[in-house]
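To keep things clear, I will list the structure first and then write my remarks on it.
The values are calculated or read from the model by the stated rules, or taken from the named source; none is laboratory data. Since the structure is predicted, the reported quantities are computational estimates derived from the model, not experimental observations. Methodologically, a virtual Cβ is constructed for each residue, glycine included, from the backbone with ideal geometry; neighbour enumeration extends over all protein chains shown. Side chains are part of the model used for accessible areas, which takes the heavy atoms of the whole protein and leaves out ligands, DNA and RNA. Shrake-Rupley method; radii C 1.70, N 1.55, O 1.52, S 1.80 Å.
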Amino acid sequence: NQRPCQLHYFSPPSPSPNPSSSSSLPCNSPITLLLLNNMFSILSLLFTLSLLPLSLSQSQSPPIKSTLINCGATTSSLISNRSWDPDTKYISTGTPINLTQPTFSPTLSTVRSFPLIQTNLRRPKFCYVVPVYRTGKYLVRTTYYYHGGLNRLGEIPPVFDQIVDGSLWSVVNTTEDYVKGNASYYEGVFKATGKSMSVCLAANQDTVSDLFISALEFVLLANSVYNSTGFDDSSLRLVARHSFGYNGSIVSYPDDKFDRYWEPYGETNPTVSRGANVLINGFWNLPPLKVFQTQLTDNQLKPMELQWPREPLRNSVYYIALYFADDSGTSSRFMNITINNVTFYDNLRVPQTGVALFANRWPLAGPTKIVLTPAAGSTLGPLINGGELFEVIPVGGRTHTRDLIGLDGLKNSFRNPPFDWNGDPCLPKENSWTGITCSDGSNIRVTGLNLTGMGLSGSLSPNVANLTALNDLWLGNNNLSGSIPDLSTLKMLKTVHLEDNRFNGPFPSSLANIDRLQELFLQNNNLTGQVPSSLKAKLGSNLIVDPQNS
């Protein structure tokens, strides 16, 4: 029979640590002790680590509803019993490149490269757009395998930003892994706010070479997975995910249903292998059973100290998850746990069925030391099987839905829209779309559209009427044709420049209904009809049209 959740709460550390007493709380409390076979939520995750060869069984089918993209590839492929798509239907810019050097994974033999483009004002982004289920939570992983000869600007490994929708995900730095001959991978869980999600690459202040990507993966997660984190306003960047006492290759799918990567962490402490006889029932979001087949332990009744993660942490708030399962067949293993000398949990009983101990928001900075100390009455030394550590990061916001609809219509009506018109139009601000000006604040609106002289062809979509915060509409000196749609809903418009195109049809008399309009240029088109007299009187010399319309 499954046992119910056992809940205990302690305050996160403060400058003067003062843990509170135990009390009963809901299952999403800041620190919660749960039986593994009843645990319904832990955390969201986001991280970067060196990629090692995987040791995976091929006897099971791939995770349900996954999209696996082999960047730079031109044909579909079946790799480790999983179907990988070429990336051509998810992105329309960049250059596919075949690596001539041998690689340890077929997905690393091709990349898509993007030229370094940046100005003092903005840095355009290059975006993959992947269909998703609205409000679904997705595990997303990017992989980067840099090799000499890939970069047209020299042999300097790239450093750049990666962005999910409108939020900065992390900085991609392949330098250390390049020296070691490894790939770099980044993994996270994100909530879909629409019917597609974008993963974008963009230069930052440290970028001096072309951008690239080797692989991109999306795996849909069940609704209850990681439900202790509010994905509407934050996500989590994983700093470390390890299987303690394990010295083999990365643990992943099919051992982990959701294809998460569990790095080995052997250290010098005594390790014990439990083989395949593990009693853990690993549900959904929990570590795979393989993580509990090895452990770090001390057979003596003395504290066991663990420097984890190995690298110092920046000053921030973190999500911590630690996993334990007793292998002695008794119920006499009790531990006190501290992190950097602050009590994390007291008198933890470790059953054979396993427990997970986690905190939603815990401040950390610098080196992190975890000490597991036998508690009073314990007849066995401490042990630990696995751990995950994530930095809490904010969600960056989203451009207003009306503007997204309007710009999507424009993009589809232009035959050759700017290459960077993918992802969020306004965010991050330094990576906004070409020709787009946006407002500040929480209600992000498009206030300006300037694509003058961009060589555009096609037509002007009626969806432009959704851009109701637009002040300036400048599409002059292009090759646009068709009629000019009704613009009367754009009450904020001050200037309209549609000159030097091939617009035809009746003169857009709806412009006379825009009180704030101050300037209108429509010359060198093929419009019919006359300018309304009220418009002539209001604009005077700021109205320029063809003679047949005056």
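Do we find a residue being under 18 Å from L407 (Cα atoms), in a loop (DSSP other than H, G, I, E, B) and among the aliphatic types (A, V, I, L, M) anywhere in the range 497-519? First the steps, then the outcome.
Step one: list which residues in the range 497-519 are under 18 Å from L407 (Cα atoms), which gives 497-498.
Going one step further and asking which of them are in a loop (DSSP other than H, G, I, E, B), we end up with 498.
Next, only the ones that are among the aliphatic types (A, V, I, L, M) stay: 498.
Among the residues of the range 497-519, at least one is under 18 Å from L407 (Cα atoms), in a loop (DSSP other than H, G, I, E, B) and among the aliphatic types (A, V, I, L, M), which makes the answer yes.
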Scanning the range 295-334 for residues that are part of a loop (DSSP other than H, G, I, E, B), over 23 Å from A240 (Cα atoms) and open to solvent by 30 Å² or more (accessible area, probe 1.4 Å) gives N299, Q300, L301, K302, D327, S328, G329, T330, S331
Residues being within 14 Å of the chain's Cα centre (by Cα), among the hydroxyl-bearing types (S, T, Y) and closer than 21 Å to Y145 by Cα: count how many of those fall in the range 165-190. 3
Give me the residue from the range 214-229 that is closer than 12 Å to L139 by Cα and in contact with a Gly (Cβ under 9 Å, 6 or more places away or on another chain) and, out of that set, most open to solvent (accessible area, probe 1.4 Å). L220
Is it true that D500 is modelled with pLDDT under 95, within 43 Å of the chain's Cα centre (by Cα) and open to solvent by 40 Å² or more (accessible area, probe 1.4 Å)? no
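Checking the condition crowded, with 18+ Cβ neighbours inside 10 Å, part of a strand (DSSP E or B) and among the hydrophobic types (A, V, I, L, M, F, W, C), which residue from F292, F358 passes? Spell out the reasoning first.
Details: F292 fails: part of a strand (DSSP E or B).
After ruling out the rest, the residue left standing is F358.
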Could you please let me know if N315 is at pLDDT 95 or above and either in contact with a Ser or Thr (Cβ under 9 Å, 6 or more places away or on another chain) or within 22 Å of T373 (Cβ to Cβ) (or both)? no
Which residue is farthest from the chain's Cα centre (by Cα), if the candidates are limited to the range 191-213 and must be open to solvent by less than 10 Å² (accessible area, probe 1.4 Å) and among the β-branched types (V, I, T)? T207
Which of the residues that make up the range 460-473 are buried (at least 19 other Cβ atoms within 10 Å of the Cβ) and in a strand (DSSP E or B)? L473
Pairs, please: C-beta under 7 Å, at least 6 apart or cross-chain, first residue farther than 21 Å from A469 by Cα and in the range 384-409, second modelled with pLDDT of 90 or more and assigned to a helix (DSSP H, G or I)? N385/V291; N385/F292; G386/V291
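Does G266 meet the test of being under 27 Å from P303 (Cβ atoms), modelled with pLDDT of 90 or more and open to solvent by less than 30 Å² (accessible area, probe 1.4 Å)?
Values: under 27 Å from P303 (Cβ atoms): yes; modelled with pLDDT of 90 or more: no; open to solvent by less than 30 Å² (accessible area, probe 1.4 Å): yes.
Spelling it out, it is not the case that G266 is under 27 Å from P303 (Cβ atoms), modelled with pLDDT of 90 or more and open to solvent by less than 30 Å² (accessible area, probe 1.4 Å).
Among the residues of the range 335-344, count how many are out of contact with any Pro (no Cβ under 7 Å at 6 or more places or on another chain) and either open to solvent by 10 Å² or more (accessible area, probe 1.4 Å) or free of Cβ contacts under 8 Å to residues at least 12 places away in the same chain (or both). Write out each step before concluding.
Step one: filter the range 335-344 for residues out of contact with any Pro (no Cβ under 7 Å at 6 or more places or on another chain), giving 336-341, 344.
Checking the rest, the ones that are also either open to solvent by 10 Å² or more (accessible area, probe 1.4 Å) or free of Cβ contacts under 8 Å to residues at least 12 places away in the same chain (or both) come to 336, 338, 340-341.
Residues that pass the stated criteria total 4.
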With criteria (1) touching a Pro at 6+ places or on another chain (Cβ under 6 Å); (2) at positive phi, T135 comes up short on (1)
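Of the residues D403, D420, D440, only one is of a type outside the set (A, V, I, L, M) and modelled with pLDDT of 95 or more; which?
Criteria check complete, one pass: D403.
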So which residues in the range 427-449 are in contact (Cβ under 8 Å) with a residue 24 or more places away in the chain, open to solvent by 20 Å² or more (accessible area, probe 1.4 Å) and assigned to a helix (DSSP H, G or I)? E430
Taking the range 383-426 and the residues there that are among the polar types (S, T, N, Q) and not in a helix (DSSP H, G or I), the one that is surrounded by the most Cβ atoms within 10 Å (Cβ to Cβ) would be N385
If I go through the range 68-92 residue by residue, how many of them are open to solvent by less than 30 Å² (accessible area, probe 1.4 Å) and either assigned to a strand (DSSP E or B) or under 21 Å from P124 (Cα atoms) (or both)? 12
Tally, over the range 119-131, of residues that are modelled with pLDDT under 95 and hydrophobic (A, V, I, L, M, F, W, C): 1
